[in-house]
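The values are calculated or read from the model by the stated rules, or taken from the named source; none is laboratory data. No experiment lies behind these values; they were computed from the predicted model shown. A quick note on method: Cβ atoms are made from the backbone with ideal geometry, for glycine too, and the neighbour counts reach across all protein chains shown.
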Amino acid sequence: MPTDPVISVKGLLKRYGERIAVHDVDLEVARGEVFALLGPNGAGKTTTVEILEGHRCPTAGRARVLGVDPVKGDARWRARLGMVVQSSHLTDELTVEEVVGHFATYYPSPRSPDEVIELVGLTEQRNQRLRSLSGGQQRRVEVALGMVGRPELLFLDEPTTGFDPEARRRFWDLIDALASEGTTIVLTTHYLEEAERLADRVGVIVAGRIVAIGPPATLAGRHRAASVVRWREAGRTVEHATDRPTAFVLELSSRLGGEIPGLTIARPTLEDVYLEMIGAAA
Ligand code: ATP
């Protein structure tokens, strides 16, 4: 049975004086979806997310989040959301355990603070004061605070900035687990690999406008793009773009008498199509 979208946005516009930060954005996010917003610095990602969180008023347009206009969202509505904002300041004297436990009391049906601390990988630091944590560990506390209320919809603004590679992978597993429980997740990120790994759909925003939207694997016709076959021949690297890489490689192998030295076959990565889109839009 189809359900109403968790997020529905039509003609969203945000102006700061003369500058238009968000320009005529239309967007729907379905229940249970993981949606990633990509775009260069200053593109309008945070502004869009903060309007959806009820932290900024749009200049024009219509937004509904869990069926409510975010400008009018009350405490009950807010308790259904989780938020990890871009920069909070956790220079507190409280310990990890104290702050997560304290936040849990704000919500009607919180997760166990112990479980959340474990999920974000801070069990060893649970008795450390926040101000003594590293940048990446503080970010993990922020992620813990965003999820402790068992949100239906979780906003994550650049959640893994400052994470080491292992923490990032661990975070990805955490997002998988939340998504499999049915949590709808909207994240912004500059890590294309992260968007590819996590998102059911991505939206690319440039200068306030959404220029492409779709599953990462097929964004901008990526799956139909030519493959580039590279190999070594006569002491140099040769490359050839083709729509039929298998047939090309078979012919090449036959011409070179079997093994093809230094063979690689590459399709455009999400980063390739993203950079092309950004360049074209600029
Ligand atoms: P980043 O990747 O750097 O976080 P972003 O895509 O999240 O960027 P926003 O923070 O939404 O971008 O900013 C969009 C535009 O709006 C930028 O040009 C920014 O300078 C401008 N802007 C954001 N907040 C304000 C504000 N409070 N007053 C004036 N201009 C603002």
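State the number of residues belonging to the stretch 37-65 that are away from the ligand (no atom under 16 Å from the Cβ) and buried (at least 18 other Cβ atoms within 10 Å of the Cβ). Show your work before the answer.
Residues of the stretch 37-65 that are away from the ligand (no atom under 16 Å from the Cβ), as a first pass: 62, 64-65.
So of that shortlist, the ones also buried (at least 18 other Cβ atoms within 10 Å of the Cβ) come out as 65.
Adding up the residues that qualify gives 1.
When the strands (runs of 3 or more DSSP E) confined to the stretch 224-282 are screened for residues that are over 28 Å from the mean Cα position of the chain (by Cα), those reaching at least 3 such residues are found at 227-233, 236-242. Only one entry of D200, D173 meets the criterion of being among the charged types (D, E, K, R) and touching a residue at least 24 places away in the same chain (Cβ under 8 Å), and that entry is D200. Of the listed requirements (1) surrounded by fewer than 16 Cβ atoms within 10 Å (Cβ to Cβ); (2) away from the ligand (no atom under 11 Å from the Cβ), V68 misses just one: (1). The residue pairs whose first member lies in the stretch 34-53 and is more than 20 Å from R78 (Cα to Cα), whose second member is more than 6 Å from the ligand (Cβ to nearest atom) and of a type in the set (F, W, Y), and whose beta carbons are closer than 7 Å, counting only pairs six or more residues apart or on different chains, are L38/Y274.
Of all residues in the stretch 267-279, none are crowded, with 19+ Cβ neighbours inside 10 Å and at pLDDT 95 or above.
Residues in the stretch 184-201 that are of a type in the set (D, E) and over 8 Å from the mean Cα position of the chain (by Cα) were compared, and the one that is farthest from the ligand (Cβ to nearest atom) is D200. Selection of first residues in the stretch 141-165 that are more than 16 Å from the ligand (Cβ to nearest atom) and of second residues that are of a type in the set (K, R), restricted to Cβ pairs under 6 Å at least 6 apart or on distinct chains, gives the following pairs, ordered by first then second residue: V148/R111; R150/R111; E152/R80.
Tell me, which residue of the stretch 161-203 that is outside any helix (DSSP H, G or I) and among the small types (G, A, S) is surrounded by the fewest Cβ atoms within 10 Å (Cβ to Cβ)? Checked the stretch 161-203; the qualifying residue surrounded by the fewest Cβ atoms within 10 Å (Cβ to Cβ) is G182.
Total residues in the stretch 1-36 satisfying the condition of being of a type outside the set (F, W, Y) and within 8 Å of the ligand (Cβ to nearest atom): the figure is 5. Would you mind finding the one in A21, A43 that is of a type outside the set (D, E), part of a loop (DSSP other than H, G, I, E, B), within 9 Å of G208 (Cβ to Cβ) and out of contact with any Phe, Trp or Tyr (no Cβ under 8 Å at 6 or more places or on another chain)? Of the residues listed, the single one that is of a type outside the set (D, E), part of a loop (DSSP other than H, G, I, E, B), within 9 Å of G208 (Cβ to Cβ) and out of contact with any Phe, Trp or Tyr (no Cβ under 8 Å at 6 or more places or on another chain) is A43.
Contact annotation: residue pairs with Cβ atoms under 6 Å, 6 or more positions apart or on different chains, pairing a residue in the stretch 248-269 that is at negative phi with a partner that is part of a helix (DSSP H, G or I) and hydrophobic (A, V, I, L, M, F, W, C), are I260/L252.
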